[in-house]
Amino acid sequence: MIRVQREDFDLGEELRALSAGDHGIGGVASFVGLVRDMAGGEKVGAMMLEHYPGMTEKMLGRIEAEALERWPLNASLIIHRYGRLEPGDQIVLVATASPHREAALESCHFLIDWLKTKAPFWKLEDTPDGGQWVDARDSDGDAAARWIKQPTSE
Amino acid sequence: MKLLYFAWLKTKTGVSEETVSPPEEVKTVADLLGWIKQRGPGFEDALADIEALRVAVNQEYAEMTDPVSAGDEVALFPPVTGG
């Protein structure tokens with residue numbers, strides 16, 4: 001399931017709901033992204049997260065479909081927020097549920113790595129010098145690239 | 001054709017969305033970027049480094065050689081930084 005929303009989410013509630021009623025699930029893996037108060041050694045206040053409505057949902061849906069194809073998952077969830085966020089706020093949740101831990105952990109890792117390089121979101125950080133658009137990092141591209149190979153667990 | 005600009009593309013051009021009718025010789029993404037660029041200093045500045053841009057046609061990532069046509073929605077934005 002994909003959700004793109006301005007509102008915060010309740011982590012415990014989301015994870016419980018993901019596995020509710022399916023006793024074939026042996027493990028749930030999750031990743032939660034948070035807003036930091038430092039970026040490149042500089043103090044950062046709030047940030048604005050901009051997105052491309054329509055394309056965002058389309059890309060997230062495709063990334064999720066790819067995970068479902070590669071790993072035996074009983075359920076998956078991607079929540080990504082947009083709008084104004086403060087340090088400490090939750091930005092993103094990726095969660096996967098599977099009979100076994102390898103599939104849950106690997107697919108969760110895959111989802112967050114792919115999302116970071118493919119989903120159309122942009123961060124505008126408040127800094128002492130004014131609003132700064134965050135630059136994409138090469139390391140994110142490298143992290144995503146390793147998943148181009150087939151997973152070893154299959 | 002609908003053009004959308006995000007992040008610093010929007011800041012530099014001063015436009016978030018516009019409807020345009022490029023001339024007939026604009027057939028590819030590369031043609032379109034070349035045409036947009038000569039529309040004024042803001043556009044020229046925003047599109048100065050084509051390598052730094054990503055383009056989506058009808059909400060799909062596109063290459064420079066991909067075709068564009070009148071009814072398309074074309075979005076220009078920097079590499080994404082979500083997550």
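Key figures
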read-out: Shielding by partners - mean other protein chain Cβ count within 10 Å, residues of B:6-13; value: 4
read-out: Backbone N within the range A:63-82 under 19 Å of label point (7 Å from A:Asp126 Cα along the Cβ vector); value: A:81-82
read-out: Those residues of the range A:104-131 for which accessible area with every protein chain present is at least 50 Å² below the isolated value (1.4 Å probe); value: A:Lys116, A:Trp122
read-out: Carbon and sulfur %, accessible surface of the protein assembly as shown computed with the full protein complex present, 1.4 Å; value: 50 percent
read-out: Rough spin-label spacing in nm, given labels placed 7 Å along Cα→Cβ, for A:His100 and A:Ala145; value: 3.0 nm
read-out: Protein accessible surface hidden between A and B, which excludes ligands and nucleic acids, total in Å², probe 1.4 Å; value: 1900 Å²
read-out: Accessible area of the range B:2-77 divided out per residue, in Å², using a probe of 1.4 angstrom; value: 51 Å²
read-out: Separation of the B:Ala30 and A:Arg137 label points, Cα + 7 Å toward Cβ, nm; value: 3.4 nm
read-out: Listed residue pairs exceeding 24 Å between alpha carbons, taken from A:Lys58/B:Lys12; B:Lys2/B:Lys37; A:Lys58/B:Lys37; A:Lys118/B:Lys27; value: A:Lys58/B:Lys12; A:Lys58/B:Lys37; A:Lys118/B:Lys27
read-out: Partners for A:Lys43 among lysines (Cα-Cα distance below 21 Å; same-chain residues under 8 apart left out); value: A:Lys123
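The values are calculated or read from the model by the stated rules, or taken from the named source; none is laboratory data. As the structure is a computational prediction, the values presented were derived from the model and not from experiment. In this analysis, Cβ positions are derived from the backbone assuming ideal geometry, glycine residues included, and neighbour counts consider all displayed protein chains. Just the protein is used for accessible areas: all its heavy atoms, side chains included, with ligands, DNA and RNA removed. Shrake-Rupley method; radii C 1.70, N 1.55, O 1.52, S 1.80 Å.
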